[in-house]
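*Asks:* Okay, handing you the structure first.
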Amino acid sequence: MIGAGITGLSCAIHLAEKGVKVAVVEANRIASGASGRSVGMVNAGTWQDPDDIVNCLGPDKGKRLNAYLSNAPDYVFSLIQRFRSEEHTSE
């Protein structure tokens, strides 16, 4: 079972696309948990300075992680656009 926040829904999409049977279960309304507490913000990073990530992981892995993080918001919004229902496009 996966919650209906930003991360849970993304996980459910990716698992379902791989053929895994997924059940999304939310205790409250959609995105009322961690996604709601973070006001649904999609951030391009962590609380760590990008240079600290490189120093911790090394130049190759650190730079690769920083690149993934910087592209994450665009990826999240592409998923939203892909699965947005026609009835909600005017919002």
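*Asks:* Going through 17, 26 one at a time, which residue ends up being modelled with pLDDT of 80 or more, surrounded by 15 or more Cβ atoms within 10 Å (Cβ to Cβ) and of a type in the set (D, E, K, R)? Let's see the steps before the verdict.
*Replies:* Details: 17 fails: surrounded by 15 or more Cβ atoms within 10 Å (Cβ to Cβ).
Of 17, 26, the one residue that is modelled with pLDDT of 80 or more, surrounded by 15 or more Cβ atoms within 10 Å (Cβ to Cβ) and of a type in the set (D, E, K, R) is 26.
Yes/no matrix, rows are residues, columns are (1) at pLDDT below 80; (2) closer than 25 Å to residue 30 by Cβ; (3) of a type outside the set (Lys, Arg):
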| position | (1), (2), (3) |
| --- | --- |
| 41 | yes, yes, yes |
| 47 | no, no, yes |
| 50 | no, no, yes |
| 64 | no, no, no |
| 70 | no, no, yes |
| 80 | no, yes, yes |
| 88 | yes, yes, yes |
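*Asks:* How many residues, within segment 1-11, are within 11 Å of the chain's Cα centre (by Cα) and open to solvent by less than 70 Å² (accessible area, probe 1.4 Å)?
*Replies:* So the first thing to find is which residues in segment 1-11 are within 11 Å of the chain's Cα centre (by Cα), and the list is 5-11.
After this cut, where a residue has to be open to solvent by less than 70 Å² (accessible area, probe 1.4 Å) as well, the list is 5-6, 8-11.
Total meeting the criteria: 6.
The values are calculated or read from the model by the stated rules, or taken from the named source; none is laboratory data. Note that this is a predicted model, so its numbers are computed, not measured. Heads up, the Cβs are rebuilt from the backbone with ideal geometry, glycines too, and the neighbour counts pull from every protein chain shown. Quick note on the areas: whole protein, heavy atoms, side chains included, nothing else; ligands and nucleic acids left out. Shrake-Rupley method; radii C 1.70, N 1.55, O 1.52, S 1.80 Å.
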